[in-house]
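Worksheet: the structure to be examined is printed underneath.
The values are calculated or read from the model by the stated rules, or taken from the named source; none is laboratory data. Since the model is a prediction, treat every value here as computed from it, not as a measurement. No Cβ is skipped: glycine too gets one built from the backbone with ideal geometry, and neighbour counts run over all protein chains shown.
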Amino acid sequence: MTKAIQIHQQGGPEQMRWEDVIVPAPGPDEALIRQTAVGLNFIDVYHRSGVYPLPKFPSSLGSEGAGVVEAVGANVRDVVVGDRVAYAGGPIGAYAERRVVPAGRLVVLPEAISERQAAAMMLQGLTSQYLLRSTYRVQPGDVILFHAAAGGVGLIACQWAKYLGATVIGTVGSPAKAALARAHGVDHVIDYTKEDFVARVKDITGGRGVPVVYDSVGKDTFEGSLDCLRPRGLMVTFGNSSGVVPPFSPGILSAKGSLYLTRPTLASYTATRAELLANAAELFDVVAKGAVKIEINQTYPLAEAAQAHRDLEARKTTGSTVFIV
């Protein structure tokens, strides 16, 4: 037996229970991990609340963790017992002391990366990697707009974009978050609770707009984000922290300058093991050399995951949040 956070139906944080669960032996292509740290991400809220339906109950939550391999299946060659490993993405179930995962989704950690760092950055860092290096390949001299610049993905991505030579415009929701964003490479910080971010972006770019907007906020910022783009610019919507974007006519994209729109996911950019390893290696490299610093600004015992969800939804958190197991 081991302990895990379980929900028996989707709903608010009160649905989360700290319960005994049975962990099976790993199958032929699986590994059993004793977890030491688990990452908190907004997608966990979507799974808990019902924005993203779950296939069965009871269900655990969580898509990211790190720890030590305790056992492997007969076919596993990528990891061995005793390896320090981390993972991000499905299947969900990270909110547990121990769990069985597909071995092909595990990445062995280099000495320079701690397990807490890994749990704080695998999902957010790999998201930043594909956003900046594949979805739109940021080049020196680019001016980009990144919403929620003081959030977990935002702090990583804005540092990385600055390292790549971009000028970074970031939006935040409070003076404290504005200071945090500036400290992490954001050149122009916009507090959208006090300022019109569209007008500011147009002013900063001399009316031209930006080639790409990265938007995880969703409903509250979507239309304004389109107005920040230059003709043939790319709108990258990768989250819905303010709510789901309502349906709209594709004609809006033509009217605003033949814009492009994408809704990427980490799964699509790490679909093969080769992609996963290459992207993780690039992430580990920028963190190890200090170009990107991983800010673990909140920690909670895993048993107190419900409180962490409340704080995240209330936008009380900044940077990365890690559960200690």
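Descriptive notes on the structure:
- Residue check for Ala267: outside any loop (DSSP other than H, G, I, E, B) and either under 25 Å from Gly90 (Cα atoms) or not assigned by TED's automatic domain parsing to the domain that holds His47 (or both): yes
- Count of the range 100-135 residues which are touching a residue at least 12 places away in the same chain (Cβ under 8 Å), of a type in the set (Ser, Thr, Tyr) and surrounded by fewer than 24 Cβ atoms within 10 Å (Cβ to Cβ): 3
- Members of the range 235-267 that are among the polar types (S, T, N, Q) and either under 16 Å from the mean Cα position of the chain (by Cα) or at pLDDT below 95 (or both): Thr237, Asn240, Ser241, Ser242, Ser249, Thr265
- Residue in the range 267-289 that is over 24 Å from Asp44 (Cα atoms), surrounded by 14 or more Cβ atoms within 10 Å (Cβ to Cβ), among the β-branched types (Val, Ile, Thr) and touching a helix residue (DSSP H, G or I) at 6+ places or on another chain (Cβ under 9 Å) present: yes
- Selection from the range 235-245 of residues that are touching a residue at least 60 places away in the same chain (Cβ under 8 Å) and buried (at least 18 other Cβ atoms within 10 Å of the Cβ): Val236, Phe238, Gly239, Asn240, Ser241
- Selected residue (criterion: surrounded by the most Cβ atoms within 10 Å (Cβ to Cβ)) from residues of the range 84-94 that are of a type in the set (Gly, Ala, Ser) and part of a loop (DSSP other than H, G, I, E, B): Ala94
- Residue within the range 70-78 that is modelled with pLDDT of 95 or more, more than 18 Å from Glu304 (Cα to Cα) and buried (at least 21 other Cβ atoms within 10 Å of the Cβ) present: yes
- Top-ranked residue of the range 207-221 - restricted to ones that are out of contact with any Lys or Arg (no Cβ under 9 Å at 6 or more places or on another chain) and over 18 Å from Thr135 (Cα atoms), ranked as surrounded by the fewest Cβ atoms within 10 Å (Cβ to Cβ): Gly207
- The criterion of at least 2 residues that are without any contact (Cβ under 8 Å) to a residue 40 or more places away in the chain and farther than 30 Å from Glu111 by Cβ is met, among strands (runs of 3 or more DSSP E) falling completely within the range 1-83, by 17-21.
- Matching option when the condition is surrounded by fewer than 16 Cβ atoms within 10 Å (Cβ to Cβ), touching a Gly at 6+ places or on another chain (Cβ under 7 Å) and not aliphatic (A, V, I, L, M), among Pro24, Pro28, Pro58: Pro28
- Hey, Glu97 in contact (Cβ under 8 Å) with a residue 60 or more places away in the chain, surrounded by fewer than 24 Cβ atoms within 10 Å (Cβ to Cβ) and of a type in the set (Asp, Glu) or not: yes
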